[in-house]
Each structure stands twice: as structure tokens, then as C-alpha cells.
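Every number here is computed from the coordinates shown, using simple stated rules; none is lab data. From a predicted model like this one, the values you see are computed outputs, not experimental measurements. As a convention, Cβ positions derive from the backbone with ideal geometry for all residues, glycine included, and neighbour counts pool all protein chains shown.
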Amino acid sequence: MLSIVNYGVGNLSSVQNMARKACGAARLVTTPEEIRASERLILPGVGHFGHVVQSFAASGLAEAVTEHALEKKKPLLGICVGAQILGTGSEEAPSLAGLGWLPFACRRFPNTPGLRVPHMSWNTLAAKRPSPLLAELDAEARFYFVHSYYMEATDPGIVLAQTEYGIDFAAVVGAGNIFGTQFHPEKSLRFGMALLSGFAKLPLEHAQAA
């Protein structure tokens, strides 16, 4: 069972549908009690970093999600801006802090001739570290990206896979039981389903050595 945190942002129905295809069971969770009873959490997010941070803080769910990830050390996967808020902050909303659970900050793509921002395309991944999250991906795996800001790691050890759009940037980050993808698995066909299947099979504690 995968639980998707419903705090008012994200492609909730799309994530739930793909998660069901990946592991057979997925639900939206809307209360702290439901979150505390969950084994694996997905934290979606789309739109402006500031709006996502503020929506999460105002949802009444942040304490339970924090307990899940930091105290119980159960698997958590952030998607797109839901991944970006796991870092320290973003140039998109410099007055607001992220959760600070992973050592990265979000930067806007530089102006590069011939490349439009936002980045909207299908990209393949270059693995940087082995991870059970990525174990079911094949050499043809490609994922759908749509974003103007990218995750810049201050500790390169958290970068599990990267891709390129004018510059190399982190596509998948992770440390311990906490993971994030810049792309949208729910929009990435069988490749996204394979990644969510890998997430569903992570052990409930210490999913990966920090």
C-alpha cells in the first residue's frame, strides 16, 4: 500500500492511479492519523515553491509526515516540487525555507541559447549511485520533466541519478529513507510505474544507507 499525502497540491489522481498500477493498492491520506498508519508516503507537489511550502505548513499534516520520515524512518518519496521542498530552499521563493531534510537548494536554470525555460521534455537518467529505488529501471528508461528550477546538491552523495538540460542536474536524490524525483513518475508511463514499484518494495526502515 502506498499513501499519497493530500495537502491540496499535486497531481493526486494521476499519482494514485499510477501507484495502483505499480503495486496494486494506493490511497490518498488527509489526516495525521492516516499518515501515522501508513507504511510508505508519497509527497506530491506542483506549481510555485512558495505556495507548496505554505500549503504543506498549513495542512495540519506536517508533524505527522515529519514523524514518519525522521522519527520512524519509513520511506518517503517527494515528486517534483514535493521533492524540492525536501531541501533547504529555492530561488523561486527566497524568503521561505524548505524542510531541510536533504542537503540541496533549488536554482533557476541559467539562460542558455536555444533552450527554453521551463524545461519540458523526456530525459533519460545517468545513475550516480546504486539504489533499490531504481533497481527495476532498464536502459531505455526515460522520464517526463516540467520545471524551471533544479535541485543543486551541496552533498553530491545524495544524487542517485542525474540528467542534462544545458547543465547536468540531479534527477533523483536520496539519503536514508527519504527520496525525491524532479520528474513526474505518474506521467512517465511504464518507466514511472517501475520506479514506484521499486519504492513500494523498499524496507520500512533505513531504506538506504545515508
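At-a-glance table
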| item | result |
| --- | --- |
| Rounded to the nearest 20 debye, dipole of segment 3-88 from Cβ charges on Lys, Arg, Asp, Glu | 320 |
| Considering only the chain, percent of DSSP beta bridges that pair antiparallel, nearest 5 | 65 |
| Cβ-placed point charges (K, R +1; D, E -1), dipole of the chain about Cα centre in debye, nearest 20 | 380 |
| Gaussian network model of the chain, springs between alpha carbon atoms under 10 Å - residue of Gly176, Gly198, Gly47 with greatest fluctuation | Gly47 |
| Cut-off 13 Å between beta-carbons: net charge of the residues surrounding Leu196, Lys and Arg +1, Asp and Glu -1 | +4 |
| Given charges at Cβ of Lys, Arg, Asp, Glu: segment 1-125 dipole, positive-most of Ala37, Asn11, Gly24 | Gly24 |
| Lys/Arg +1, Asp/Glu -1 at C-beta; the chain dipole; positive extreme among Leu204, Phe56, Leu137 | Leu137 |
| Within segment 105-200, GluC sites (Glu not before Pro) in DSSP loop having at most 14 other beta-carbon neighbours inside 10 Å | Glu140 |
| Listed peptides 114-120, 62-68, 98-104 by packing density, highest first (mean Cβ within 10 Å) | 98-104, 62-68, 114-120 |
| Over the chain, relative contact order from alpha-carbon pairs under 8 Å, at least 6 apart, % | 22 |
| Dipole moment magnitude, nearest 20 debye, segment 1-43 about Cα centre, only Lys, Arg, Asp, Glu C-beta charged | 160 |
